[in-house]
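In what follows, a structure is listed as structure tokens, so that the remarks can point back to it.
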Amino acid sequence: LALVVIAGIAIASGYRGEAAAVVLLLGLAKAFESISDIFYGLLQQRERMERIAISMMLKGALSLVILSAVVLWTGSIVLGVAGLAATWCLLLVLYDVRSGAWVLGGGSSDRVRGAFRPQWDIRTLARLAWVALPLGFVMMLISLNTNVPRYVIERQIGTYELGIFAATAYLMTASTTVVGALGQSASPKLSQLYAKGDVRAFRSLLLKLVVIGGLLGLGDIGVAAVGGHYLLTLLYRPEYAVYTTVFVWLMVASAIQNVASFLGYGMTAARRFRPQLLVSAVVTSTTLLISVLFIPRYGLVGAAMALIGGASCQVFGNLAIIAPAP
């Protein structure tokens, strides 16, 4: 269904030829990734995080090698993204599915064969879908919130500036990857503590995570402020170093987002699903408003400000929900 929507948006947005093919192929890759995420959820619930780590490391390394090799060899970004989608599909089939079967089979190969026998209890599935539906919209809004400034940059300034911003903003993933790993690892423990009613231990663990996220963000800001010019030149090209100020502001946004993300893990562990939808809607609206107002006037700095505004709004919203939790 998502692929159909992606195709419709690509056509309606005027993408044609190579650009449309890249959008559709990347959507296909994300479809495979979403199925892997289901197996990650199973492994996380059984606290077999090492198998998730192996899968993600394999995906990262293979994606880099395949995409780079195909693009360098053929000169075609379309074939490169096709190779990326094929890589994620093979990893899903050859590793993630096997990991899920292994866990469901209790680690016994004799029980793996029947591990994936579906159980179609309509009432159970309907209840699960109803509980999870708000989180589905939350994740959609989180993804949209990240990309809203990029859409406005492309429309208001141009694709060259979009490329600069996207490459510079991608360095935010250094923090988000660490935060995601810590948050995913801590989620089962947070859920168990909350389910037991051990509020003090729940809040203590969540506070530790928030402090770690804040300190990690402060470190990123320091690196950007002191060595941002050199880092952008080293990783990209000298023309990127002109945008060191944008890089610093993006690291500020990343630091605030670290705190917001850990609070989000706490809300999910406490089963505060529906309030997250409201917070995400407000955050995305805030990011869009600031983008529309600031990007035409302040350029890429305005885009960074939009991310800062959205992340700050998310922190306050998450705190308002999780702080009163019993």
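The values are calculated or read from the model by the stated rules, or taken from the named source; none is laboratory data. Computed from a predicted model, the values in this text were never measured in an experiment. Glycine also receives a Cβ, built like all others from the backbone with ideal geometry; neighbour counts cover every protein chain displayed. The area values use the complete protein model at the heavy-atom level, side chains included, leaving out ligands, DNA and RNA. Shrake-Rupley method; radii C 1.70, N 1.55, O 1.52, S 1.80 Å.
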Show which lysines lie in cross-link reach of Lys30 when reach means a straight Cα distance below 30 angstrom and same-chain residues fewer than eight apart are skipped.
Lys59, Lys189
Round to the nearest 10 and report in Å² the accessible area of Phe294, as given by a 1.4 Å probe over the protein chains' heavy atoms.
80 Å²
Taking the Cβ of Pro188 as the centre, find all other residues whose Cβ is under 11 Å away and add up their charges (Lys, Arg: +1; Asp, Glu: -1).
+2
How much accessible surface area, in Å² rounded to 10, belongs to the heavy atoms of Ser261 with a 1.4 Å probe?
40 Å²
Around Ser204, with a cut-off of 15 angstrom between Cβ atoms, what is the net charge of the other residues, counting Lys and Arg +1 and Asp and Glu -1?
+4
Ranked from highest to lowest mean number of other Cβ atoms within 10 Å per residue, what is the order of the peptides 215-224, 303-312?
303-312, 215-224
How large is the helix-only mean residue ellipticity at 222 nm for the chain, computed as the sum of -39500 (n - 2.57) over DSSP H runs with n ≥ 4, divided by its residue count, in deg cm²/dmol to the nearest 500?
-29500 deg cm²/dmol
Quick one, could you list the DSSP H helices from the chain stretching 27 Å or more along their long axis (Cα atoms) with average Kyte-Doolittle hydropathy of 0.0 or above?
17-45, 49-74, 122-156, 173-196, 199-235, 244-269, 273-298, 300-322
Solvent exposure ordering (accessible area, 1.4 Å, most first) of Lys59, Lys30, Lys208:
Lys208, Lys30, Lys59
At a probe size of 1.4 Å, how large is the accessible area of Tyr265, to the nearest 10 Å²?
50 Å²
Among Glu154, Glu239, Glu47, residue whose mean-square fluctuation peaks in a GNM of the chain (springs only between Cα atoms under 10 Å)
Glu239
Can you tell me which of 120-129, 67-76, 271-280 comes out highest on packing, and rank the rest after it, using the mean Cβ neighbours within 10 Å?
271-280, 67-76, 120-129
With a sphere of radius 12 Å drawn around the Cβ of Val138, what net charge do the other residues whose Cβ falls strictly inside it have (Lys, Arg +1; Asp, Glu -1)?
+2
